[in-house]
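The values are calculated or read from the model by the stated rules, or taken from the named source; none is laboratory data. Predicted model only: the values in this text are computed from it and were never measured. Note that we place each Cβ from the backbone using ideal geometry, even for glycine, and neighbour counts take in every protein chain shown.
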Amino acid sequence: MIYHPEKYRIEDKRMTPFIDPDEILQILRNTKADRSRVRDVISASLDKKRLSLEETAVLINTKDPDLVEEIKEGARTLKEKVYGERIVLFAPLYVGDLCTNNCQYCGFRASNKEMQRITLSAKELEKETRALVDQGHKRLILVYGEHPRYSPEFIASTVETVYGLKHGNGEIRRVNINAAPFDIQGFRVIKDSGIGTFQIFQETYHQPTYKQVHPSGVKRNYDWRLTALDRAQEAGIDDVGIGALFGLYDWRFEVMGLVRHVNHFEAVYNVGPHTISFPRLQNAHSLNIPKDHMVSDEEFTRLVSILRLAVPYTGMILTAREPAHIRDEILRFGVSQIDGGTNLELGGYSEGLQETQDLSREQFQINDSRSLADIMDELIRAEYIPSFCTACYRLGRTGEHFMEFSVPGFIKRYCSPNALLTMAEYLEDYAGEDTKKAGYELIEKKVNELSGSVPVDKLREKLRLISQGKRDLYF
Ligand code: SAM
Ligand code: SF4
């Protein structure tokens, strides 16, 4: 099936592009970052206010190292105050790497003739899903290249395959998607298969750079991609994820683009995106791209802190592209979801973890190859609460990050107890003895802390049922 980007720009005025580069550049140029202004902006965010573009620019333009520290401290405080210690875990599952685009940063680009092109059959997909369920996963993101073979119907069928697999005590309870933009009808077909979030990253909000790094293919059309998640919304997918690939253009411009994208959703649909992703460009097979805009570790921490403060009620995803020490560090600044036990190789989960990556079979290099078991153990010992919760999505409570943020007591009543219940399931079914012991000690501590906020007796009862073999209990 071939899509016609032009059609929608003409027919539907709501799909008009909303990024004005001159506006962004002017705000960045004209906004001063004096001490009192920086502090006002941080405290506005701590009062749970989403920041304007101008306020975001104040944080971006802050150079004084002491004030930068205050921005990071602000992000840490916001994370602790609002979201607490929960970290949601998921895994990416690559379904197919056929691609008609030529994104200069990606190993799957059509011109890369050395890439092994693989599309998983339904049987292979089941096998991969089984291997992920065996690790303890409950939430997946399915990833696809952009190719006529990966039609909405194909994607829907892969979602059904994943949901259809029951294995031991486990199953996948939430399937998110990262795939090419579709038209409204296409998004409807995918929505009907029961997906959670549909993610599409703009890669860069800067039009000239966008043209440069997308020399051919449908993806060359900036506006078609920019308005993709509007079409998803029109099709009823109200859980959407945006992102920028950091390293293609100036990170300051991209942060402003992301915040503008959030404003757009709030203005038009009354709800912001569910998640923001901020991948940093990684090495990929025969990658040949200028490195002028690479983001240093220090800048990365800063930009994550700024995003946390700018869009305080949006989930933030940090993937295994980053090395373990950076992930451990950045978790404190407001990240809400990470992947674990990640393997990007098509068919790689069922083959077991490789010592080294084969980049001719993968989209890009990852830098955190820890297994889910190791990550769970480390999170538990650092007193984070790892969560596989999918309750809101399955009860139709969409916009959960917004509710977490804005409904007083929501986290204590729902998210924290549900995180503990899914953690207990993991401890029962997949954890080693040491992790299990440390995990149950943490659960006991957290249950005690929750007393007064939730009916602790009901929570204890559910935990008891889980230890006796019941599964999938939630509030
Ligand atoms: N083909 C779909 C698309 O382009 O929207 C699916 C997404 S692609 C398989 C997933 C994301 O990986 C891209 O949106 C891009 O941001 C990111 N990506 C691509 N190459 C990368 C690289 N070399 N380093 C880090 N992230 C990369
Ligand atoms: Fe294809 Fe997506 Fe890679 Fe671009 S980023 S080459 S569209 S898989």
Tell me which of these His293 doesn't satisfy, since it passes every other one: (1) out of contact with any Asp or Glu (no Cβ under 8 Å at 6 or more places or on another chain); (2) under 24 Å from Glu55 (Cα atoms); (3) touching a residue at least 40 places away in the same chain (Cβ under 8 Å).
-> (1)
Select from region 145-170 the residues that are more than 27 Å from Tyr105 (Cβ to Cβ) and of a type in the set (Asp, Glu) and write down the one among them that is farthest from ligand 2 (Cβ to nearest atom).
-> Glu160
On the given criteria, is Ile276 among the β-branched types (Val, Ile, Thr), farther than 30 Å from Glu124 by Cβ and in contact with an Asp or Glu (Cβ under 7 Å, 6 or more places away or on another chain)?
-> no
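Yes/no per residue for (1) in contact (Cβ under 8 Å) with a residue 40 or more places away in the chain; (2) within 16 Å of ligand 1 (Cβ to nearest atom); (3) among the polar types (S, T, N, Q); (4) in a loop (DSSP other than H, G, I, E, B):
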{"position": "Leu67", "(1), (2), (3), (4)": "no, no, no, no"}
{"position": "Leu78", "(1), (2), (3), (4)": "yes, no, no, no"}
{"position": "Leu98", "(1), (2), (3), (4)": "yes, yes, no, yes"}
{"position": "Gly107", "(1), (2), (3), (4)": "yes, yes, no, yes"}
{"position": "Asn112", "(1), (2), (3), (4)": "yes, yes, yes, yes"}
{"position": "Thr129", "(1), (2), (3), (4)": "yes, no, yes, no"}
{"position": "Ile141", "(1), (2), (3), (4)": "yes, yes, no, no"}
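For residues in region 80-96 being part of a helix (DSSP H, G or I) and either among the basic types (Lys, Arg) or in contact with a Lys or Arg (Cβ under 8 Å, 6 or more places away or on another chain) (or both), which is farthest from ligand 1 (Cβ to nearest atom)?
Pass one, region 80-96, residues part of a helix (DSSP H, G or I): 80-83.
Then drop every residue that is not either among the basic types (Lys, Arg) or in contact with a Lys or Arg (Cβ under 8 Å, 6 or more places away or on another chain) (or both), which leaves 81-82.
Values: Lys81: 30, Val82: 27 Å.
Only one residue fits best here, namely Lys81.
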Whichever residue in region 254-294 is surrounded by fewer than 18 Cβ atoms within 10 Å (Cβ to Cβ) and either hydroxyl-bearing (Ser, Thr, Tyr) or closer than 16 Å to Thr319 by Cβ (or both) and, among such residues, is farthest from ligand 2 (Cβ to nearest atom) = Tyr269
Please enumerate the residues belonging to region 89-105 that are closer than 30 Å to Cys415 by Cα and small (Gly, Ala, Ser).
-> Ala91
Within region 145-188, restricting to residues that are within 16 Å of ligand 1 (Cβ to nearest atom) and part of a helix (DSSP H, G or I), the one that is surrounded by the fewest Cβ atoms within 10 Å (Cβ to Cβ) is Phe154
Hey, does region 65-84 have a residue that's hydroxyl-bearing (Ser, Thr, Tyr), more than 18 Å from Ser286 (Cα to Cα) and within 16 Å of ligand 2 (Cβ to nearest atom)?
-> no
When you go through (1) at pLDDT below 95; (2) crowded, with 17+ Cβ neighbours inside 10 Å one by one for Leu142, which number turns out not to apply?
-> (1)
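When only residues in region 357-382 that are in a helix (DSSP H, G or I) and among the acidic types (Asp, Glu) count, which is surrounded by the most Cβ atoms within 10 Å (Cβ to Cβ)?
Asp377
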Have a look at Arg50, Arg37, Arg29, Arg109 and point out the one that is more than 30 Å from Gly136 (Cα to Cα) and either within 16 Å of ligand 2 (Cβ to nearest atom) or assigned by TED's automatic domain parsing to the domain that holds Val218 (or both).
-> Arg109
Mind telling me which of the residues Gly241, Gly272, Gly257, Gly247 ends up being of a type outside the set (Val, Ile, Thr), in contact with a strand residue (DSSP E or B) (Cβ under 7 Å, 6 or more places away or on another chain) and under 26 Å from Gly194 (Cα atoms)?
-> Gly241
Determine which member of the set Arg174, Arg149 is in contact with a Ser or Thr (Cβ under 7 Å, 6 or more places away or on another chain) and either in contact (Cβ under 8 Å) with a residue 60 or more places away in the chain or not assigned by TED's automatic domain parsing to the domain that holds Ser216 (or both).
-> Arg174
If we scan region 191-208, do we find a residue that is crowded, with 23+ Cβ neighbours inside 10 Å, among the hydroxyl-bearing types (Ser, Thr, Tyr) and closer than 20 Å to Thr16 by Cα?
-> yes
Would you say Gln337 is in the same structural domain as Phe90 (by TED's automatic domain parsing) and in contact with a Leu (Cβ under 7 Å, 6 or more places away or on another chain)?
-> no
Taking region 114-127 and the residues there that are part of a loop (DSSP other than H, G, I, E, B) and within 16 Å of ligand 1 (Cβ to nearest atom), the one that is farthest from Leu346 (Cα to Cα) would be Glu114
What residue, among those in region 295-306 that are crowded, with 19+ Cβ neighbours inside 10 Å and more than 16 Å from ligand 1 (Cβ to nearest atom), is farthest from the chain's Cα centre (by Cα)?
-> Arg302
